[in-house]
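Q: Encoded as structure tokens, here's the structure I'll be asking about.
The values are calculated or read from the model by the stated rules, or taken from the named source; none is laboratory data. For clarity, every value in this text was computed on a predicted model and none was experimentally measured. Cβ atoms come from the backbone with ideal geometry, glycine included; neighbour counts cover every protein chain shown. Calculation scope for accessible area: heavy atoms of the full protein, side chains included, ligands and nucleic acids excluded. Shrake-Rupley method; radii C 1.70, N 1.55, O 1.52, S 1.80 Å.
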Amino acid sequence: MDNAADRRDTWIFFLLAFVVLAAGYGLRDPWPADEPRFVLVAKQMIESGNFLFPHRGAELYPDKPPLYFWLLSLVYAAVGSWRWSFLLPSLLAGLGTLALVRDLASRLWSPRAGLWAAAAVLVCFQFIYQAKRAQIDPTLVFFTTLSLYGILRHLLLGPAWRWLWFGGFAAGLGVISKGVGFLPLLALLPFALMARRGWNGLAPLGQGNGLRWALLVPAVLAPVVLWLGPVLVVAFTSGNPEHEAYLRNILLKQTAERYVDPWHHTEPFWYFGEVVLLFWLPFSLAYPWLLGPWRDAWRQRDARVWLPLAWAVLVVLFFSASAGKRDMYILPALPGLALAAAPFLDAISRRDGFRRTVLAFVLVFSALLLAAGVAALVSDPGFARKLVAERGLGDEARWLWWMLATVGTVGLAAGALGRARRALGACALSLGLLWGGYGLVVHPLLDDENSARGLMVQARAQVGPDTVIGLVDWKEQQLLQAVGPVAEFGFRQPVPEQFTRALAWLREAPEGRRLLVQRSEMLACADFDAAHRLGTANRRDWWLLDAAEVAGCP
């Protein structure tokens with residue numbers, strides 16, 4: 001049971017977690033990659049009232065299931081502002097994931113072990129970075145963790161059949177979030193082996209429960225059927241071939257085909273080993289000290305440790321077997337790994353060798369931040385010059401360099417003063433300041449360029465309130481941030497075809513239309529000397545063209 005000190009520590013932990021995850025909230029619009037696309041899809045759902053078939057512009061968007069877009073629409077309806085709502089699902093999902101990890105580890109071991117498990121998740125670079133972005137992954141991780149929570153409440157703390165079925169339902173919600181929501185069900189494989197060999201720590205589930213186990217299947221399928229059923233009815237009764245193409249794409253191409261024969265993001269088999277070591281820093285610093293306790297737990301056949309650990313390994317192996325890999329794919333495995341480490345982290349934190357390792361990490365990382373910040377302030381290094389040029393920054397870039405230098409200085413001072421004895425505190429302080437600076441400095445500094453908001457505002461100011469702007473080779477953030485009337489000629493269409501259609505459209509009403517384009521060889525026929533250059537957005541130069549400036553184009 002939690003005592004007063006445990007409850008106090010829990011409140012402090014979640015208050016700090018909220019501050020870190022929410023820093024910068026409301027200070028930016030959606031940024032690529034993915035954020036503008038997902039918010040645009042949700043925005044068009046609200047505007048059209050079509051929540052079954054997502055659209056990106058005029059085209060159907062079949063790449064992802066719709067649950068995340070529904071959540072974005074829901075929070076927008078509650079808040080009334082995209083800027084103040086689009087990050088809310090990720091923020092809540094991040095806090096929810098931490099709460100689930102903390103609660104389950106507390107039930108398995110102790111409240112203190114629960115806080116250590118949640119802290120292990122929170123400090124990871126990848127977890128915080130994803131939780132501060134409006135991508136599907138934080139929501140997926142919440143649903144997979146919720147599913148794993150329910151399943152382990154039954155397998156390790158049960159029997160609790162309702163928790164098992166609830167875990168299956170949560171897995172189904174994960175499936176209609178990003179397809180791979182079924183991952184927690186993989187925990188049943190090591191459970192079956194452990195149960196057969198009489199491992200310790202498993203719940204006494206008894207015999208003759210075949211029907212109860214079988215009910216897990218409809219629990220998983222229920223959310224999928226609730227979504228897919230109406231989609232199938234509309235697709236096969238509407239007579240619209242685009243609906244059938246949508247089904248083929250989302251049910252086959254974006255699932256089995258993408259896994260078996262991926263067409264991008266190809267990486268070697270060992271790629272996720274780098275992610276687990278580098279992207280899960282500083283939690284990964286504890287790995288060497290976890291090997292001994294995990295070995296002992298194996299000898300003791302402790303399922304409380306090895307069931308979540310075996311599941312996390314299975315998740316990594318599942319994604320490693322596909323040639324297509326992105327670093328965030330294995331993020332759902334992080335809570336499982338933290339659960340497996342939970343009973344040992346408190347003792348590890350007192351080890352002199354571990355504290356010295358954390359201190360070395362703080363000093364090296366802080367020195368790199370300080371060196372980068374000072375170099376950019378006093379000279380013109382290549383990385384700073386490249387960032388300023390690509391992002392169209394001016395003198396305001398100095399705030400970024402000052403932030404890096406400040407975080408680096410504080411980290412070095414905290415490490416030097418606290419030494420190994422207070423290394424964990426120095427690490428927490430450095431990471432907190434870094435993520436605070438990311439939200440409070442980087443968000444507003446880069447927002448105009450990253451979100452394309454400044455570009456679209458400038459474009460509207462240039463052409464006037466009634467002129468229609470035609471988007472060619474456009475990015476989702478441009479349509480999302482468009483002010484006033486715009487037209488587009490397909491997102492997936494080849495750029496030459498877009499331009500051909502755009503030229504015909506422009507010449508139909510040249511006085512009231514303009515084209516927003518990138519300068520390229522394909523547009524060599526245009527008179528860019530006479531055209532108006534708007535500026536840089538998303539590391540690309542954008543121009544406005546009128547009919548006279550494309551008169552030489554066939």
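Q: Please arrange Phe53, Phe491 by accessible surface area, largest first, computed with a 1.4 Å probe and ligands excluded.
A: Details: Phe53 5, Phe491 55 Å².
Order by accessible area, largest first: Phe491, Phe53.
Q: Dipole of the range 203-360 (Lys/Arg Cβ +1, Asp/Glu Cβ -1, origin at the Cα centre): which of Leu247, Ala214, Pro262 lies farthest to the positive side?
A: Farthest towards the positive end: Ala214.
Q: In addition: Quote the charge dipole size of the chain about the Cα centre in Debye, to the nearest 20; the model charges only the Cβ of Lys and Arg (+1) and of Asp and Glu (-1). Intermediate values should be presented prior to the final figure.
A: Values: 51 positive and 42 negative charges, 500 e Å.
In debye, rounded to 20, the chain gives about 2400.
Q: Let me ask you something else. Might you list the cysteines of the chain that have no disulfide-compatible partner by the rule of another cysteine's Cβ under 4.7 Å?
A: Cys124, Cys427
Q: Just going by the charge dipole of the chain, with Lys and Arg at +1 and Asp and Glu at -1 on Cβ, which of Leu400, His154, Ala360 is farthest out on the positive end?
A: Final value for the positive-end residue is His154.
Q: While we're on this one: Along the positive direction of the dipole of the chain (beta-carbon charges: Lys, Arg +1; Asp, Glu -1; about the Cα centre), which of Ala312, Ala203, Ala459 reaches farthest?
A: Ranked along the dipole, the leading option is Ala203.
Q: Expressed as a whole number of Å, what is the distance separating the alpha-carbon centroids of the range 293-331 and the range 355-386?
A: 33
Q: Antiparallel as a % of all DSSP beta bridges within the chain, to the nearest 5? Before the final figure, lay out each step's value.
A: Numbers: 12 of 20 bridges.
Roughly 60 percent of the beta bridges in the chain run antiparallel, per DSSP.
Q: Now, a different point. Taking the Cα centre of the range 1-79 as origin and charging only Cβ (+1 Lys, Arg; -1 Asp, Glu), how large is the dipole, in debye to the nearest 20?
A: Details: 7 positive and 9 negative charges, 21 e Å.
Dipole about the Cα centre, nearest 20: 100 debye.
Q: For Lys253, give me every one of the lysines with a C-alpha distance below 28 angstrom, ignoring sequence neighbours fewer than eight places off in its own chain.
A: Those lysines meeting the cut-off are Lys43, Lys64, Lys178, Lys325, Lys475.
Q: Evaluate the charge dipole of the range 136-253 about its Cα centre and quote only its size in Debye, nearest 20, assuming +1 on the Cβ of each Lys and Arg and -1 on the Cβ of each Asp and Glu. Show your work: numbers first, answer last.
A: On the way: 8 positive and 3 negative charges, 90 e Å.
Here the size comes out at about 440 debye.
Q: Rounded if a/c is under 1.5, else prolate if a/b is larger than b/c, else oblate: which is the chain, with a ≥ b ≥ c the root eigenvalues of its Cα gyration tensor? Provide the component values of the computation, followed by the final result.
A: Working: a/c = 2.42, a/b = 1.38, b/c = 1.75.
Here the chain falls in the oblate category.
Q: Also: Quick one: compute the contact order of the chain, relative version, from alpha carbon pairs under 8 angstrom and 6+ residues apart, as a percent.
A: Numbers: 839 pairs, mean separation 83.9, N = 554.
About 15 percent, as a whole number.
Q: What does the charge add up to near Leu87, with Lys and Arg as +1, Asp and Glu as -1, over the other residues with Cβ less than 14 Å from its Cβ? Intermediate results must be reported in sequence, preceding the final value.
A: Values: positive: Arg28, Arg83, Lys132, Arg133; negative: Asp29, Asp34, Glu35, Asp137, Asp447.
Summing Lys and Arg as +1 and Asp and Glu as -1 gives -1.
Q: Which net charge results when you count Lys and Arg as +1 and Asp and Glu as -1 among the other residues whose beta-carbon is under 13 Å from that of Trp306?
A: Values: positive: Arg197, Arg295, Arg299, Arg301, Arg304; negative: Asp296, Asp302.
Result for the neighbourhood of Trp306: +3.
Q: Using the Kyte-Doolittle scale, find the helices of the chain whose mean hydropathy is at least 1.6 and whose Cα atoms extend 15 Å or more along the helix's long axis, counting only whole DSSP H runs.
A: Numbers: long enough: 4-22 (27 Å, 1.17); 35-48 (20 Å, 0.14); 67-79 (18 Å, 1.98); 88-108 (30 Å, 1.09); 111-122 (16 Å, 1.12); 136-155 (28 Å, 1.02); 161-178 (26 Å, 0.67); 216-237 (31 Å, 2.26); 287-299 (18 Å, -0.82); 303-320 (25 Å, 1.91); 333-349 (23 Å, 1.49); 352-378 (38 Å, 1.79); 398-418 (29 Å, 1.07); 423-437 (21 Å, 1.57); 453-463 (16 Å, 0.12); 495-508 (20 Å, -0.32).
Those that pass (Cα extent of 15 Å or more, hydropathy at least 1.6) are 67-79, 216-237, 303-320, 352-378.
Q: Note the full-extension length gain between Ala195 and Trp270 as 0.36 nm times their separation in residues minus their Cα-Cα distance, in nm to one decimal. Display every interim value, and only then the final one.
A: Details: separation 75, 0.36 × 75 = 27.00 nm, distance 3.07 nm.
Working it through step by step, the gained length comes to 23.9 nm.
Q: Near Asp137, within a Cβ-to-Cβ distance under 12 Å, what is the net charge of the other residues, with Lys and Arg +1 and Asp and Glu -1?
A: Numbers: positive: Lys64, Lys132, Arg133, Lys178, Arg326; negative: Asp34, Glu35, Asp327.
Once all neighbours under 12 Å are counted, the net charge is +2.
Q: Quick one: grab the alpha carbon gyration tensor of the range 315-432, order the square roots of its eigenvalues as a ≥ b ≥ c, and give me rounded if a/c is under 1.5, else prolate or oblate depending on whether a/b is larger than b/c. Before the final figure, lay out each step's value.
A: Values: a/c = 3.22, a/b = 1.26, b/c = 2.56.
In terms of gyration-tensor shape, oblate.
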